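Single-structure report; data block below.
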Amino acid sequence: LIVLTGCAKIIDPKTGQIFDNMIIYWGDKWPFGQEGWFSTFIVWPLAQLMNFFAQRIGAALSILVVAILIKLITLKLSIQATVQQQKMQLIQPEQARIEQKYRGRTDENAKMQQAMEIQKLFEKHEIKPMKAMGGAFLQIPIMIAMYQAVMRANEIITGTIFGQSLEATPLEGFKQGNKVYIIIFVLMVIAQATSMFLPQYLLKKKTKNYGGPKPAQAANPNTMMFFSLFMITWFALRWGVGMSLYWMINAVTQLAQTLYIQNKYGSQA
């Protein structure tokens, strides 16, 4: 997926700065035929959107506005995916009973009967597994697109927050004792952790209220989230603080989206 989205090389490894020819300025012509499809149709429009808003409300608020717009555009798909995922979690005890019923039977007839019973269970609860994948499928391309847009949009590169450049990295901020960079980075980590683990807590609480025996789990579901949080923290230290600002805003909007879905659509799961 990362290869398909065209993860372009935009930073000069010698200087740590964006290549001059990769910077997107307000008023630049649409680079149709000059860059890959991902950059042309997704990254470039996002960068220009940030440039447009940054000229009017500042770089930091520009990132906020674009992040909210993306959430609004993907909200319907996110709602569908979240509701479907919760339904799949809630029916795990029933699914486990069906799997236990046919455990040890390897004949084709038993496999077919098991598949039919699970399919009927899905139909009973109106579960469509493909819809549950929609939100997760979009996360990586959106993250890559926003990373490139934040790093390439000239108005963001040259923008400031509380008088501090968005181009510097949080790692430089820690070395210099820059409170603005340190606070943004710490708040980003807290926001990311909350947005990742709160849905699990809410789902666990709902599953407990739902009742029924708990299915055995082969692995700790939090392992992947801890790994993701570690990777985001690692990259954020070395990328421009503008990216930390985006990740913080994105996490807060994700948290708001989670609470909204739980409150409005939780009864559907």
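Pairs over the 30 Å Cα-Cα cut-off, from the set Lys14/Lys175; Lys29/Lys76; Lys128/Lys204; Lys71/Lys120; Lys71/Lys175: Lys29/Lys76; Lys71/Lys120; Lys71/Lys175.
Arrange the peptides 49-62, 68-81 so that the one whose residues have, on average, the most other Cβ atoms within 10 Å appears first.
On the way: 49-62: 18.9, 68-81: 15.6.
Answer by packing, highest mean first, reads 49-62, 68-81.
Here, each number is a calculation from the coordinates, and none is a lab measurement. Small disclaimer: the values here were computed from a predicted structure and weren't measured. Cβ: placed from backbone, ideal geometry, glycine included. Neighbour counts: every protein chain shown.
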